[in-house]
Structures are given as structure tokens and as C-alpha cells.
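In what follows, a single structure is set out as C-alpha cells and then discussed.
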């Protein structure tokens, strides 16, 4: 893989893994999500990865209407690349998950590249006494979640969103997901440069040991050569260590409260911008430069912010 000119920071500002009782700083309302996104962009994130939540109780909400208020504010106040999830929450149907990106036609949408077990229940013991909403307890305690992403599901998302010129953040939680992506690449359903987000440290996926990181990069190098751009996501305490390792090897990085609530041992991150700032310090400390939104568009061959549906 040819080393990109600049390092792209993606910030995933809220997600569907953490629940509101885990941190008072987790963005929930449209206004909070918009402010989190704009703050992260101002701190140096070129790409903002977005989920929506019910503003009353914070549960994941994958209706297009839930995205509209913050999408329009972000568009007005920032030139960042907007990335809309098609992962939603692992309990949602594929039809539900694809609707926001199909409606709003972003430059980028996330796409999970394989069906997997998905375990959030280890977090329940840490937060049991703090949970304010019954849905949080039921959601976290579920030991039977199978996060469905069949070949048919993946092709449905590719064809539905590809027709609008949306490109993809291919989320790969294990090496088998890279081989799944290779199938679609060889079939001509996706074209380079592929934006591959290798995910480390979530229960049900690959771990976050340096050898795991190297294994995923070696596999992607072998399968895709210079037809991809590599980024990493380290969950929880692994966030900055994985980011530093990847940045040193010429990769891009993703941070944000979707992936980790923390800004150091025992210290909750008060904003997404704090994590972006830490990632930027790592990148610039290595003598590298962060990408602007327009540089990210060039690196990832995106259609441009003037061609979205919001």
C-alpha cells in the first residue's frame, strides 16, 4: 500500500454500543450530536461518523428523521466529510439500517463486512448500578446477539447506496471480513481505493494485540495491494495504542465516544474533540500531518460535499 500524503482522523461521536448511563458526556440529543461533530471537526477530524439516538432515553434510532436535525447543522457549520452508519445497532434489520444513508446520500457510509457474534454483556457488571433506563440493561445483558451481515445484506447495501455515489468505510472485525470484501472487489461491485477500517478489541471480533493489528494489515496488503487505504479502530482502552501503531505504519485512525468513553485511565472524555486532539498529537509527534476534509476526499475518491442529500 502506498503511504498516503496525509493522515485522516475519523471521529465517531456517539455510536450504538455505549449507553447514556455510562457517561454524562455521551451525545444523545440532535443538538449534542451536532456540537460533538463540529467540535471534533474543528479539532482536526476530517471525517465524522454518525449515529442517531432517541433524545428522551438515548436508545439507538435509525429513522432518517432522527438524523435530519444534526445533518443540516453540521452541513451549515463544517466542511467535514459526513459518514452515516449502516450498522445502526446489531439488533436492527438490514432494511432499517440502510434507510438513513439511502435517504441522505452521504459521501461515505459504513458497511460491516461479515456476520458475527456481538457481546456487550461484559460491560454490564461495570455499570449495573448506574443504568437509568431498563432498555440499557436488557440491551447490554443480551448474550444471543448475532450481528447479521450476510452476503445478500452486503450486496443490498452496496447496490442501494452505490447508486447515489456513496462510497464506503468497510468495517472489518476479523480477517474473514477482508476475504468477504475481496469477493465483492473481484466481482466488480466495489472499486478502489477501498477505505478499510480494521476493528480491534470488540468481543466477537479480533483482539487488539499488536500481532492482531499486523495480521490484519498483512492480510489486507496481500489481498488488495495498493487498492486500499487502511484505517484502524481500537475499542476502549486500546483506542490510542492501536491508533499510534497504525499511524506509525502510514495508516489512518478513528477515535470518538462510539469506540471509547475514556481520555486516559479512569478519566472520562468530556468531548469527542479531546480524543481527536490526542490522536492529532500522536500523529504530529510522529512527524506526520493530518488531512483536511478536502484532502480526505482526494485520498478516498469521494464525490464531494455538494452532492449529498442534506
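All of the numbers you see were taken from the coordinates with simple rules; none came from a lab. Since the structure is predicted, the reported quantities are computational estimates derived from the model, not experimental observations. With ideal geometry, Cβ positions are generated from the backbone for all residues, glycine too; neighbour counts draw on all protein chains shown.
A few remarks follow.
- Highest mean first, the peptides 238-245, 162-169, 208-215 sorted by other C-beta atoms within 10 Å per residue fall in the order 238-245, 162-169, 208-215.
- What separates the Cα centres of the range 1-56 and the range 249-273 is a distance of 10 Å.
- Using a cutoff of 8 angstrom between alpha carbon atoms and counting only pairs six or more residues apart, the relative contact order for the range 74-190 works out to 32 percent.
- Ordered by the count of other Cβ atoms within 10 Å of each Cβ, fewest first, 308, 108, 253 give 308, 108, 253.
- Ordering 23, 78, 260 from the fewest to the most neighbouring beta carbons within 10 Å gives 23, 78, 260.
- Fraction of antiparallel bridges per DSSP, the chain only, in percent to nearest 5: 10
- Order of 175, 231 under a 10 Å beta carbon neighbour criterion, fewest first: 175, 231
- Remark: relative contact order (the range 9-307) = 22 percent; criterion is Cα-Cα distance under 8 angstrom and separation of 6 or more residues.
- Each peptide among 262-274, 132-144 gets the average number of other Cβ atoms lying within 10 Å of its residues, and from highest to lowest they stand as 262-274, 132-144.
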